[in-house]
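No value in this document is a laboratory result; all are computed from the given coordinates. These numbers were taken from a predicted model, which means no experiment stands behind them. Neighbour counts are summed over all protein chains in view; Cβ atoms, including those assigned to glycine, are modelled from backbone coordinates with ideal geometry.
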Amino acid sequence: NPCFCILRVVKFRRTGESSRSDEDVISGEHEIQIEGVRTELEPIELEDGAAVPKEFANPTDDTFMVEDAVEAIGFGKFQWKLSVITGLAWANAMEMMILSILAPQLHCEWRLPSWQVALLTSVVFVGMMSSSTLWGNISDQYGRKTGLKISVLWTLYYGILSGFAPVYSWILVLRGLVGFGIGGVPQSVTLYAEFLPMKARAKCILLIEVFWAIGTVFEVLLAVLVMPTLGWRWLLILSALPLLLFAVLCFWLPESARYDVLSGNQEKAIATLKRIATENGAPMPLGKLIISRQEDRGKMRDLFTPHFRWTTLLLWFIWFSNAFSYYGLVLLTTEFFQAGDVCSISSRRKEVKAKCSLTCEYLTEEDYTDLLWTTLSEFPGVLVTLWIIDRIGRKKTMALSFFVFSFCSLLLFLCVGRNVLTVLLFIARAFISGGFQAAYVYTPEVYPTATRALGLGTCSGMARVGALITPFIAQVMLESSVYLTLVVYSGCCLLAAVASCFLPIETKGRGLQESSHREWGQEMVGRGSHSPGITRSNSGSQE
């Protein structure tokens with residue numbers, strides 16, 4: 001027997017497509033008949049603006065959005081494959097870690113003065129800073145997959161080419177071009193986040209951050225094996241292996257369905273969603289995919305609309321502080337270990353300053369061991385952030401990370417022994433790296449699809465500004481006063497903790513925003529508001 005339902009405003013068509021026009025609103029209610037619906041099911045009454053219960057999400061609707069499909073399909077085999085492939089791109093940490101190994105080697109082999117060695121590191125950060133926004137714009141304009149593939153292939157090409165550099169000027173230019181390519185690799189997080197269901201998003205983004213830590217550890221182990229026998233040129237070439245593997249496997253990567261919908265490619269988005277459903281062994285939602293309003297993508301002005309202005313400015317400072325403190329701690333760690341404790345560092349700096357700038361010391365096995373131990377602190381940072389980020393939220397996680405780093409920095413004022421110094425530095429690095437990872441979770445969540453890649457790109461660019469400035473604090477200011485240096489880092493992180501608390505939007509438990517024309521988080525509150533008295537039954541849409 002047919003079941004008769006009274007629905008307000010919504011028309012059902014034979015194709016399963018629904019529309020809501022101005023004429024419908026004016027004319028009031030439309031009574032329709034749906035045949036083939038089981039009569040034993042009871043109707044569900046929804047109040048105005050009420051959220052659709054999860055157990056009834058989509059079955060009563062004849063339309064769905066990408067967010068609905070991603071949530072319905074869930075996490076499965078497809079996301080595991082995507083985790084590994086995007087993780088390979090994220091393992092470009094090897095290209096960063098190699099700087100601490102390459103610098104002393106070239107300092108000795110090519111007899112470079114100290115300023116040329118420092119420039120070799122700075123030029124990589126200049127390349128990253130200058131390209132981060134550009135890669136974000138490319139990813140918003142032409143697709144996440146496109147931007148990521150080009151940036152990885154760029155980094156791979158110039159990374160391998162660096163191994164054949166005949167003179168200093170060549171390697172300086174080539175490492176700068178490597179940095180230009182690395183600036184686009186964070187877009188792997190944008191692509192990855194847009195395929196993840198809400199409950200798994202934070203944990204999964206943090207887990208691919210593990211590939212960064214794995215990359216740094218692998219680089220140190222590779223250096224131990226390669227440097228004594230094959231030399232630094234082979235180390236540069238072999239360090240590109242993860243990116244080479246990504247280049248081989250990237251043909252498997254699909255374009256983001258969210259991006260396809262925003263750019264009007266409905267059929268391509270549906271094909272991608274069906275592919276994910278097939279690989280995960282899950283059913284596709286019933287009905288027709290809603291096409292979001294097409295809008296300009298990758299426009300800088302959209303980051304400064306009234307709704308996002310404060311978020312953008314606060315995030316820029318948070319990312320700046322993260323990189324400023326993280327790389328500063330990496331530089332300070334070497335100085336503190338060589339001096340033995342904080343109180344002895346000033347006298348040691350004077351002794352070093354008296355030496356010739358061409359005095360050269362190759363890295364020893366003990367140096368590689370210390371480098372490995374400090375690198376391993378990244379893993380506890382991931383675990384702590386993983387445990388708290390879905391419990392206390394993204395904002396509080398970042399604030400807590402900055403506060404703990406600031407507290408550990410102040411404790412260094414005490415003339416502690418080497419063991420206590422090691423523990424404090426270990427904790428500080430674990431938490432500042434955890435704060436960095438929390439920022440990588442929060443930033444793609446807070447921006448809409450039209451500006452998500454650009455927002456992440458500009459934040460990454462501000463981080464590189466912090467990385468460029470920090471050597472002047474951790475090395476130059478340290479010669480004058482170690483305590484003033486620690487105050488700068490501690491104060492910066494305290495301000496960043498406050499900035500994290502003042503972020504207007506908490507993204508914990510929210511869906512990704514599809515369009516900048518919607519209120520933030522509307523995707524998770526149902527598609528549009530419902531008038532009182534709407535009757536909806538637990539039935540499947542008919543196509």
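In table form, for the structure just shown:
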read-out: Relative contact order %, the range 61-293, counting alpha carbon pairs below 8 Å whose residues are six or more apart; value: 38
read-out: By average C-beta atoms within 10 angstrom, highest first, the peptides 132-139, 187-194, 205-212; value: 187-194, 132-139, 205-212
read-out: Within the range 245-326, chymotrypsin sites (Phe, Trp or Tyr not before Pro) in DSSP loop having at most 10 other beta-carbon neighbours inside 10 Å; value: none
read-out: Neighbourhood charge, 13 Å Cβ-Cβ cut-off, centred on residue 151 and excluding it, Lys, Arg +1 and Asp, Glu -1; value: +2
read-out: Signed unit charges on C-beta, dipole axis of the range 61-293, positive-most listed residue 271, 115, 78; value: 115
read-out: Equivalent-ellipsoid semi-axes of the range 61-293, from the Cα gyration tensor, Å, largest first; value: 40, 17, 13
read-out: Packing-based order for 392-402, 463-473, 266-276, 176-186, using average beta carbon neighbours within 10 Å, highest first; value: 176-186, 392-402, 463-473, 266-276
read-out: Distance violations [Cα-Cα > 20 Å] among 145/268; 149/203; 77/274; 81/199; 149/395; 199/396; value: 149/203; 149/395
read-out: Which of 223, 124, 178, positive extreme of dipole for the range 61-293 (C-beta unit charges); value: 223
read-out: Cα-centre dipole for the range 363-453 with unit charges at Cβ (Lys and Arg positive, Asp and Glu negative), debye to 20; value: 580
read-out: Cα gyration tensor, the range 446-514 - rounded (a/c under 1.5), prolate or oblate; value: oblate
